[in-house]
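Reviewing the structure listed below.
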Amino acid sequence: VQLQASGGGLVQAGGSLRLSCAASGNTFMVNDMAWYRQAPGKQRELVAQITVGGTTNYANSVKGRFTISRERAKHIVYLQMNSLKPEDTAVYSCAAAIASWQINLWGQGTLVTVSS
């Protein structure tokens, strides 16, 4: 399975962006999907996760501002990011649980930069 993320870019504080991630290959093995981010000098953190059934989980820092969703048939996961803040600046990576109940595959990241 491969994960390909897109949609990053530069946005002003208060703006919005939508990230997309498409899974390809043996997609029948894809269970939960998630978005992680890593800011410069910081550890990678979970931003949002969504199960096959659509149950979602968010980091406290993004609750109410970000929404994760997925198109199961197309094996695509989205992250709608609203009311962006400079502290949201990071490399965002798509991730998935492949033939597992734990996240075990990360794709290449896409850079999100929020200017003040």
- Message: Return the residues of segment 63-84 that are touching a residue at least 24 places away in the same chain (Cβ under 8 Å) and out of contact with any strand residue (DSSP E or B) (no Cβ under 6 Å at 6 or more places or on another chain); say none if nothing qualifies.
- Response: K74, N82, S83
- Query: Are any of the residues in segment 44-67 among the charged types (D, E, K, R), open to solvent by 30 Å² or more (accessible area, probe 1.4 Å) and over 15 Å from the mean Cα position of the chain (by Cα)?
  - Reply: no
- For G14, which of the numbered conditions (1) in contact with a Ser or Thr (Cβ under 7 Å, 6 or more places away or on another chain); (2) open to solvent by less than 40 Å² (accessible area, probe 1.4 Å) fails to hold? (2)
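Taking segment 56-82, which residues are in a loop (DSSP other than H, G, I, E, B) and closer than 21 Å to V1 by Cβ? Before you say what the answer is, go through the steps one by one.
Within segment 56-82, the subset in a loop (DSSP other than H, G, I, E, B) is 59-65, 72-75, 82.
Result: R72, A73, K74, H75.
Find the residue count for segment 70-92, including only residues that are open to solvent by 20 Å² or more (accessible area, probe 1.4 Å), modelled with pLDDT of 90 or more and under 21 Å from A23 (Cβ atoms). Spell out the reasoning first.
Within segment 70-92, the first condition is being open to solvent by 20 Å² or more (accessible area, probe 1.4 Å), and the residues that meet it are 70-76, 78, 80, 82-83, 85-87, 89, 91.
Next cut, modelled with pLDDT of 90 or more only: 70-71, 76, 78, 80, 82-83, 85-87, 89, 91.
Next, only the ones that are under 21 Å from A23 (Cβ atoms) stay: 70-71, 76, 78, 80, 91.
Residues that pass the stated criteria total 6.
The values are calculated or read from the model by the stated rules, or taken from the named source; none is laboratory data. Model, not experiment: these values are computed from the prediction. Cβ atoms come from the backbone with ideal geometry, glycine included; neighbour counts cover every protein chain shown. Each accessible area value is taken on the protein alone, full model and side chains, heavy atoms only, with ligands, DNA and RNA left out. Shrake-Rupley method; radii C 1.70, N 1.55, O 1.52, S 1.80 Å.
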